[in-house]
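Student: The structure that follows is given in the form of structure tokens.
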Amino acid sequence: MTLQDYLRLKNGSDVRGVAIDGVEGEPVTLTEEAAENIAKAFCVWLLSRTGKTRVTVAVGYDSRISSPALCDAVVRGITLSGHNAVVTGLSTTPSMYMLLKEENSPCHGSIMITASHLPFNRNGLKFFSKNGGLEGEDVKEILQFAATYRFSEGVVGERVDRPYLDTYAASLVAMVRNATGEETPLCGKRILVDAGNGAGGFYADKVLAPLGADTMGSQFLDPDGSFPNHIPNPEDKNAMRSVCEAVKAAKADFGIIFDTDVDRAGAVDKDGSEINRNRLIALISAILLSEKSGTIVTDSVTSDGLTKFITAKGGRHHRFKRGYKNVINEAIRLNNEGEYTPLAIETSGHAALMENDFLDDGAYLITRLLIALAKAAKEGKTLTDLIADLEMPAETAELRLRFVSGCDFKALGKEMLKEFEKLAAEKKYASLAPDNREGCRVCYDEKHGDGWALLRMSLHDPILPINVESNAKGGVFKIVKDLYYTLREYPFLDVTPLSAFIEKTRAENIANLRTRLSGK
């Protein structure tokens, strides 16, 4: 593989690629040879940061089909270059960092083999040092080493198999018991888990059951990298529909859904309604702000209702650029500058708490919610009573516009957003959001949509995502029409999603009108 081949595997602060055949037109890019060389390169990176002459690296993986083979390749890379490997087997991404924080841990770094919620044929690598997850520049350096470094081989290192997930689960159980003062604070509560056949199935038997919860109705707990039931992803509509239906069918008090490697989570209330996106952010914010006022950092697409909610709870809402690393690093920056910021969270379900080293950990987030659930139950309340006053938008939409193939989408998109910002500022019925930190956020008055639109560039792809929110029925339609008439003037943008939304909404409105007129 060439240097460019390796660099193409970089995905933000992770490595990701196609790991197995099975999808037409998607050749394997993350080969076992590549994984072996990347592991060797990570050892070189660790040596340069620790000053050691020999390091020990923990290696874990999620339920993906390709994970065991990639694990063996990674271990070969570590041991053949003279270093030691501790193989934890089936793991969650957060646990691969937490084991580094264990007192007297022999490991200097860790590698988690995962591609989060991506399709079954993909896989990847995430890296941790004792200081936390690596940044994008660190990953770029590792990939450059993998392609160009001449690795020395001599004394072969040792491989030790040492599962860690039980220890990690026990720490979550202890956390709940310490916070509630009870051995089984969830006794009498039916709480189900939907792991989507990812790595999160452990939470039912190893966390909920020891705390006294009835886990009947839990589903898809067994690891299966073909993901036969639904994608393990709290943002996926089918996945959320599945867990919501399971909660209602089991008459559960609470439902939990994890992504494949458990660094993200979503939840479901006892009535089967989603606790996701803005509602999830509001819930954990309410819990933290009740303990101490501070700043909540979120990604850029959160609602105005959430801002009002956080402010009413004595906090400050700080929107920032999408990308979980961006949000986390912004929270760390604010804390370093003296502004107490206990939470960094994306609408995707990535949530990182300061008390947990700003590690985005879905299981930790859920455990924090369960503590609040147990305390609320003692007072005869439900968990979602904490967000009863959250104002939700009347309508929302997300539309993704593609750039024409072959164009310089980054340069064109940057220039287009500048022009759009100028045009929006000239509209009498619109204004630019004063606190915007990503793309272009335009607020519309009551007659022209009563809401806002956020246009931004995708982090990696030739796509212009557009998020729209309105406080009034029919408001999104008005805003999308306004966007369409402006954006159709750019020949490098495919505005079909906008026109399709407009036509679909018109057809629905006509159908509804006819139904009302017919009296049916």
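Student: Return the residues of the range 1-29 that are crowded, with 18+ Cβ neighbours inside 10 Å and of a type in the set (Asp, Glu); say none if nothing qualifies.
Tutor: Passing the criteria: only 14.
Student: The conditions are (1) open to solvent by 50 Å² or more (accessible area, probe 1.4 Å); (2) under 26 Å from the mean Cα position of the chain (by Cα); (3) in contact (Cβ under 8 Å) with a residue 60 or more places away in the chain, and residue 461 fails exactly one of them. Which is it?
Tutor: That leaves (3) as the condition not met.
Student: Looking at 53, 114, 88, which is the one that is of a type in the set (S, T, N, Q), closer than 23 Å to residue 350 by Cβ and over 21 Å from the mean Cα position of the chain (by Cα)?
Tutor: Only one candidate qualifies: 88.
Student: Regarding the range 250-268, can at least one residue be identified that is more than 21 Å from residue 471 (Cβ to Cβ), in a helix (DSSP H, G or I) and touching a residue at least 40 places away in the same chain (Cβ under 8 Å)?
Tutor: Yes: the range 250-268 contains one or more residues that are more than 21 Å from residue 471 (Cβ to Cβ), in a helix (DSSP H, G or I) and touching a residue at least 40 places away in the same chain (Cβ under 8 Å).
Student: Next question, about the same structure. Residues 224, 205: which one is modelled with pLDDT of 95 or more and either closer than 28 Å to residue 389 by Cα or part of a loop (DSSP other than H, G, I, E, B) (or both)?
Tutor: 224
Student: Right, something else. Which one is surrounded by the most Cβ atoms within 10 Å (Cβ to Cβ), of the residues in the range 256-273 that are among the hydrophobic types (A, V, I, L, M, F, W, C) and under 16 Å from the mean Cα position of the chain (by Cα)?
Tutor: 257
Student: Quick test of your reading of the structure: residue 235 fulfils all but one of (1) touching a Leu at 6+ places or on another chain (Cβ under 6 Å); (2) modelled with pLDDT under 95. Name the failing condition by number.
Tutor: Evaluating residue 235 over (1) touching a Leu at 6+ places or on another chain (Cβ under 6 Å); (2) modelled with pLDDT under 95 leaves (1) as the failure.
Student: So which of 276, 335 is under 14 Å from the mean Cα position of the chain (by Cα), more than 21 Å from residue 127 (Cα to Cα) and not aliphatic (A, V, I, L, M)?
Tutor: 276
Student: Say we look at the range 307-323 and pick out the residues that are part of a loop (DSSP other than H, G, I, E, B) and crowded, with 17+ Cβ neighbours inside 10 Å; which of these is farthest from the chain's Cα centre (by Cα)?
Tutor: 313
Student: For the structure I just gave you, tell me whether residue 288 is out of contact with any Asp or Glu (no Cβ under 8 Å at 6 or more places or on another chain), surrounded by fewer than 24 Cβ atoms within 10 Å (Cβ to Cβ) and either part of a loop (DSSP other than H, G, I, E, B) or in contact (Cβ under 8 Å) with a residue 60 or more places away in the chain (or both).
Tutor: It is true that residue 288 is out of contact with any Asp or Glu (no Cβ under 8 Å at 6 or more places or on another chain), surrounded by fewer than 24 Cβ atoms within 10 Å (Cβ to Cβ) and either part of a loop (DSSP other than H, G, I, E, B) or in contact (Cβ under 8 Å) with a residue 60 or more places away in the chain (or both).
Student: To continue, here is another question. Quick one: in the range 295-304, of everything that is over 16 Å from residue 439 (Cβ atoms) and either modelled with pLDDT of 95 or more or polar (S, T, N, Q) (or both), which residue is surrounded by the fewest Cβ atoms within 10 Å (Cβ to Cβ)?
Tutor: 295
Student: Right, something else. Can you pull out every residue in the range 328-345 that is open to solvent by 10 Å² or more (accessible area, probe 1.4 Å) and in a loop (DSSP other than H, G, I, E, B)?
Tutor: Hits for the range 328-345 are 337, 338, 339, 340.
The values are calculated or read from the model by the stated rules, or taken from the named source; none is laboratory data. These numbers come from a predicted model, not from an experiment. Every residue, glycine as well, gets a Cβ built from its backbone with ideal geometry; the counts of neighbours run over all protein chains shown. Accessible surface is based on the protein model in full, side chains and every heavy atom, while ligands, DNA and RNA are left aside. Shrake-Rupley method; radii C 1.70, N 1.55, O 1.52, S 1.80 Å.
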